[in-house]
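Let me begin by presenting the structure, written as structure tokens, before commenting on it.
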Amino acid sequence: MELWYTEKQTETFGITAKIRETLVTEKTDFQDLAIIDTMEFGRMLVLDGMVMTTVKDEFVYHEMVAHPALFTHPNPERVLVVGGGDGGVIREIMKHPKVKKAVLVDIDGKVIEYSKQFLPEIAGELENPRVEVIVNDGYMHIHDHKNEYDVIMVDSTEPVGPAVELFSRGFYQGIYEALREDGIFVAQTDNPWFKADLIQSVNRDVKEIFPIVRVYCANIPTYPSGLWTFTMGSKTHDPLAVDPNAIPDIPTRYYTPELHRAAFALPRFVADLVK
Ligand code: SAM
């Protein structure tokens, strides 16, 4: 018998993956969690029916959340990740020797636990001595830590369930206050095909709070539409002012010094959303 996992990306469109094995399914205190082994993309973390990360394509998203901000900030010593319980962004942050401490705050300890158990190639750096893992609501953490971080990365689920507040103006204001005077923040801001309104509202809110706001894209085949956006808010440093020749070579499979700039060149229909 064939077994397939289907994610409904909209009410009328989705993707489907043939499954080799279901490794774990659990209703945690915050969301429905599953880790399944798919023929095409390998092991896959699914939360509330949405693909979070897969072993085959996770490097794109995790590299593109982490490296543009960390190569824009001249001295990113203290970094915060809100969400990110699968550990992929933390793994990429650890490639930066300037980072003295990376704090991960995920609301659901089960995501961390099962990612360590079933996704070691993604979660492998969560035990790094430079990493502190906190199980808490990122919204609370932000408001309790003022003027503390050089870079903040929001690697949250879609604006549903516990993540709704992570796309609010109040949260972005809290991020601004949790950042040091030359801080930078970046958030995953979904796709322009099915979530144009979200991209526009986040961009409007962030522009009211940060002097420099840039949007960039990456191709993530298992995410809705495959075209993903990231929104960066910065107090002083502009990612487009970074000389690609000055970016050191680190082990990556998607991000490159040339892509650091190219990613910010938006397709016209996306640029029109964030004018
Ligand atoms: N890369 C994925 C994406 O773009 O959708 C996100 C992956 S990561 C596993 C998402 C994490 O956000 C989950 O582990 C979830 O528990 C966490 N999360 C959701 N709401 C949160 C909140 N309010 N505070 C902290 N973490 C939260």
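The values are calculated or read from the model by the stated rules, or taken from the named source; none is laboratory data. If you're wondering where the values come from, they're calculated on a predicted model, not measured in any experiment. All Cβ positions, even for glycine, are placed from backbone atoms using ideal geometry, and neighbour counts span all protein chains on display. To get the accessible areas, we keep the full protein, side chains included, count just its heavy atoms, and leave off ligands, DNA and RNA. Shrake-Rupley method; radii C 1.70, N 1.55, O 1.52, S 1.80 Å.
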Kirkwood Rh (inverse of mean 1/r, distinct Cα pairs), the chain, angstrom: 18.7 Å
Neighbour net charge for M232 - beta-carbon separation under 14 angstrom, K R +1, D E -1: -1
Heavy-atom accessible surface of the stretch 4-54: percent carbon and sulfur, 1.4 Å: 51 percent
Counting DSSP beta bridges with both ends in the chain, the antiparallel % (nearest 5): 65 percent
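Could you grab the relative contact order for the chain? Cα pairs under 8 Å, six or more apart, rounded to a whole percent.
Working: 570 pairs, mean separation 44.0, N = 275.
Reported as a whole number, the value is 16 percent.
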Length-normalised contact order of the stretch 1-116 in % [C-alpha pairs under 8 Å, at least 6 apart]: 17 percent
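Determine the alpha carbon to alpha carbon distance for each of K56/K235; K18/K56; K146/K275; K146/K235; K98/K146; K98/K195 and list only those over 26 Å. All intermediate terms of the calculation are to be shown ahead of the outcome.
Details: K56/K235 35 Å; K18/K56 14 Å; K146/K275 30 Å; K146/K235 15 Å; K98/K146 21 Å; K98/K195 35 Å.
The answer is K56/K235; K146/K275; K98/K195.
Tell me, which longest segment in the chain has none of the GluC sites (Glu not before Pro) that fall in DSSP loops with at most 15 further Cβ atoms within 10 Å?
On the way: sites that count: E2, E11, E40, E77, E127.
My reading of the result: 128-275 is the longest stretch.
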Farthest positive-ward along the stretch 58-273 dipole, Cα basis, beta-carbon charges - from N191, C217, F59: C217
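Excluding ligands, DNA and RNA, what is the solvent-accessible area per residue of the chain at a probe of 1.4 Å, expressed in Å²?
Values: 11630 Å² over 275 residues.
Counting only protein heavy atoms, the per-residue value for the chain is 42 Å².
How large a share of the accessible area of the stretch 58-273, in percent, is made up of carbon and sulfur atoms when the probe is 1.4 Å and the other protein chains stay in place?
Details: 4250 of 8150 Å².
Reported share for carbon and sulfur atoms: 52 percent.
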Among L119, H73, L3 - extreme Cα towards positive end, dipole of the stretch 1-144, charges at beta-carbon: H73
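All other residues with a Cβ under 14 Å from the Cβ of R169 taken together, and with Lys, Arg as +1 and Asp, Glu as -1, what is their net charge?
Working: positive: R204, K207; negative: E165, E177, D205, E208.
Local charge sum for R169: -2.
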Hits among aspartates and glutamates - C-alpha to C-alpha of K8 under 16 Å, sequence gap 8 or more where chains match: D32, D48, E158, D190
Inter-part distance where the stretch 119-181 and the stretch 15-88 are each reduced to a Cα centre, Å: 15 Å
Environment charge of M44, counting only residues whose C-beta is closer than 12 Å and scoring Lys/Arg +1, Asp/Glu -1: -3
